[in-house]
Amino acid sequence: MKSEQLVELLKERLPSEKFTWRFDRKTDKVRLEHTDLKKGMDISLPEILAKYEEKKDQAIEEVVYTIRETFSAMEKESEEGFAGQTSIYPVIRSTSFPLETSAGHRFLTKEHTAETRIYYALDLGATYRLIDENMVESIGLSDTEIMESALFRVRSLPTSMKKDEVSGNIYYFVNNNDGYDASRILNSAFLKEMESKIEGHMTVSVPHQDVLIIGDIRNDTGYDVLAQLTMQFFTVGAVPVTSLSFIYEDGKLEPIFIMAKNRVTRKERK
């Protein structure tokens, strides 16, 4: 399928007089705008096409669902505002992610690691809205209260995992598809609990927003496998974060470069 065909298919699945479509061949993106709200979203086509090769029609349905829910949330925001809405969660983004909205309003953020930054999101059910400075007053909470509320809520999220073993190394996958899987990296109690179970080096990876990978790396092969895993997840994620993993020790995250000539030497456990 080509980009032009994908745009036509999306138009068929989203028939509405409220939408205007502008396809930019140069950037391979389509701008979808709501004529009543005067707001819209940019859709990167190569990412959807890559998923289509793997998931076929399911990939299209996921995009259509996301678009519908996003505009539904925009309409609700326009009618009701944000007063009384306090369901707030932190979300992890790459440090290359924009610091402000297209309208020039700065997002509420907090530094995290050299590779990641914390943003804050108002949960709207099937989707969420990143909080910017223009929204803070209408929410009715201070910046500090928003951050504290988000951290409290992320600790209440389930941490069920799938486990896989490769060449003597253990990998745990948190993948609840609730939009906040990567945010579990901020649950310090959960990370400390996992650390107590780890026999080798504990690694933490957030290749995209919908997965958290914890590794129990017990030999050099484990780092090679981890590098392949994180890159694979990074390339297919709807919102990529970083293909770089972190060593977790004593409550701290240190980025590691997984290369043949630059591996972390396994330490003897005390």
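The values are calculated or read from the model by the stated rules, or taken from the named source; none is laboratory data. Small disclaimer: the values here were computed from a predicted structure and weren't measured. Note that each Cβ is placed from the backbone with ideal geometry, even for glycine, and that neighbours are counted across all protein chains shown. Remember, those area values only see protein heavy atoms, side chains included, never the ligands or the DNA or RNA. Shrake-Rupley method; radii C 1.70, N 1.55, O 1.52, S 1.80 Å.
Against the criterion of being part of a loop (DSSP other than H, G, I, E, B) and out of contact with any Lys or Arg (no Cβ under 7 Å at 6 or more places or on another chain), Lys192 does not qualify.
Can you pull out every residue in the stretch 118-135 that is acidic (Asp, Glu) and either open to solvent by 70 Å² or more (accessible area, probe 1.4 Å) or not in a strand (DSSP E or B) (or both)? Of everything in the stretch 118-135, just one residue is acidic (Asp, Glu) and either open to solvent by 70 Å² or more (accessible area, probe 1.4 Å) or not in a strand (DSSP E or B) (or both), namely Glu133. When Glu17, Glu12 are screened for being part of a helix (DSSP H, G or I), of a type in the set (D, E, K, R) and surrounded by fewer than 18 Cβ atoms within 10 Å (Cβ to Cβ), only Glu12 passes.
Before we move on, is Ser142 of a type in the set (Gly, Ala, Ser) and either within 30 Å of Arg218 (Cβ to Cβ) or in contact with a strand residue (DSSP E or B) (Cβ under 7 Å, 6 or more places away or on another chain) (or both)? For Ser142, the condition - of a type in the set (Gly, Ala, Ser) and either within 30 Å of Arg218 (Cβ to Cβ) or in contact with a strand residue (DSSP E or B) (Cβ under 7 Å, 6 or more places away or on another chain) (or both) - is not met. The C-beta contact set for the stretch 49-64 (first residue more than 13 Å from Leu9 (Cβ to Cβ), second residue of a type in the set (A, V, I, L, M) and part of a helix (DSSP H, G or I), distance under 6 angstrom, 6+ apart or interchain) comprises Lys51/Ala59.
One residue alone among Ile198, Ile170 is open to solvent by less than 50 Å² (accessible area, probe 1.4 Å), in a loop (DSSP other than H, G, I, E, B), touching a strand residue (DSSP E or B) at 6+ places or on another chain (Cβ under 9 Å) and among the aliphatic types (A, V, I, L, M), and that residue is Ile198.
Within the stretch 207-259, count every residue that is within 16 Å of Thr95 (Cα to Cα), assigned to a strand (DSSP E or B) and touching a His at 6+ places or on another chain (Cβ under 7 Å).
Summing the residues that are within 16 Å of Thr95 (Cα to Cα), assigned to a strand (DSSP E or B) and touching a His at 6+ places or on another chain (Cβ under 7 Å) in the stretch 207-259 gives 1.
Restricting attention to the stretch 173-195, the residues being open to solvent by 40 Å² or more (accessible area, probe 1.4 Å) and more than 23 Å from Gln228 (Cα to Cα) number 5. For the stretch 136-165, which residues satisfy the criterion of being in a loop (DSSP other than H, G, I, E, B), surrounded by 14 or more Cβ atoms within 10 Å (Cβ to Cβ) and under 22 Å from the mean Cα position of the chain (by Cα)? Across the stretch 136-165, the qualifying residues are Leu157, Thr159, Met161. Being assigned to a helix (DSSP H, G or I) and modelled with pLDDT of 85 or more holds for only one residue in Glu4, Glu54, Glu47, Glu33, and it is Glu4. Against the test of being open to solvent by 40 Å² or more (accessible area, probe 1.4 Å), within 22 Å of Asp210 (Cβ to Cβ), of a type in the set (D, E, K, R) and touching a residue at least 12 places away in the same chain (Cβ under 8 Å), the options Glu33, Glu115 yield a single qualifying residue, Glu115. The residues on offer are Ala238, Ala182, and the sole one that is under 20 Å from Lys110 (Cα atoms) and within 13 Å of the chain's Cα centre (by Cα) is Ala182. Set side by side, the residues Glu115, Glu199 differ, and just one is of a type outside the set (Phe, Trp, Tyr) and more than 14 Å from the chain's Cα centre (by Cα), which is Glu199. Of the residues that make up the stretch 87-96, is at least one modelled with pLDDT of 90 or more, part of a loop (DSSP other than H, G, I, E, B) and either open to solvent by less than 20 Å² (accessible area, probe 1.4 Å) or not aliphatic (A, V, I, L, M) (or both)? Yes - at least one qualifying residue is present in the stretch 87-96.
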